[in-house]
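Take a look at the structure below.
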Amino acid sequence: MSNRDEVKSPAHYNQGGIECIDAIRAALTDEEFRGYCKGNAIKYIWRERMKGGDVSLEKGVWYMERAVSESESEEPPLMKWEDAELEPPLGVTEGNGGHICWLPLDPNSVASDLPLNVIDQREDMICVPCEADGWIDWPGGTIPLPGSTMVEVELRGGLRSEPTLACNATWGGQSGPVVVARFRLAGLEGGSGVADGGGYGFVGGI
């Protein structure tokens, strides 16, 4: 038997045409199996000078590569938060095909009536697509957030506000340069999350 066969598919780990590693994989969760692979990689590299030599190193590499391949084959999270004990995190998360943002929902708003692509909802929160730095396009309409939510907004006239309360912004009902064109939760990239709640403060053109 070659070293490569001894590393990848030793005969003593095969019974009835079933590889032991495949049975272990089927019995463990994704996270458990990756931990198993990482632990075996450490074991084989650790013992290399005392047992196995290059074969042990090759086995360690095989297990590391298997752990990496498991990570690459995992499906992206569906961003469903069905566990009653689990609260979605406010802010930006990487989801299927791009970035998403969990937002608090104004108690007077109905998610299905908002001019946003709501891809998930949990009680008083909604999940919508966003840019990597958290900005969300706003076509206009009823305020989607509780008035006490700290936000940054970009106006149709081209100005961007410092962090302010959502209730200070003009979300719709009129046209003009002071109506919100985009918004994001304050405190994300480039946002300090601090405001005095006393109306807009502008940081210049965009």
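Figure legend. Inter-residue proximity from the stretch 32-45: first residues farther than 13 Å from Val68 by Cα, second residues among the small types (Gly, Ala, Ser) and outside any helix (DSSP H, G or I), beta-carbon distance below 8 Å, spacing 6+ or different chains. Indicated pairs: Tyr44/Gly52.
Hey, any hits in the stretch 107-124 for a residue that's under 30 Å from Asn40 (Cβ atoms), part of a loop (DSSP other than H, G, I, E, B) and modelled with pLDDT under 85? So that I can check it myself, show each step before the final result.
In the first step, residues of the stretch 107-124 are kept if they are under 30 Å from Asn40 (Cβ atoms); the result is none.
No, the stretch 107-124 has no match at all.
Looking only at residues in the stretch 29-50 that are in contact with a helix residue (DSSP H, G or I) (Cβ under 8 Å, 6 or more places away or on another chain) and aromatic (Phe, Trp, Tyr), the one that is surrounded by the most Cβ atoms within 10 Å (Cβ to Cβ) is Tyr44. Scanning the stretch 125-143 for residues that are part of a loop (DSSP other than H, G, I, E, B) and either within 15 Å of Ala186 (Cα to Cα) or among the acidic types (Asp, Glu) (or both) gives Glu131, Ala132, Asp133, Gly134, Trp135. Look at Ala26 and say whether it is buried (at least 18 other Cβ atoms within 10 Å of the Cβ) and of a type in the set (A, V, I, L, M). Considered against the rule, which asks whether it is buried (at least 18 other Cβ atoms within 10 Å of the Cβ) and of a type in the set (A, V, I, L, M), Ala26 comes out as no.
The values are calculated or read from the model by the stated rules, or taken from the named source; none is laboratory data. Since this is a predicted model, take the numbers as computed values, not measurements. Note that we place each Cβ from the backbone using ideal geometry, even for glycine, and neighbour counts take in every protein chain shown.
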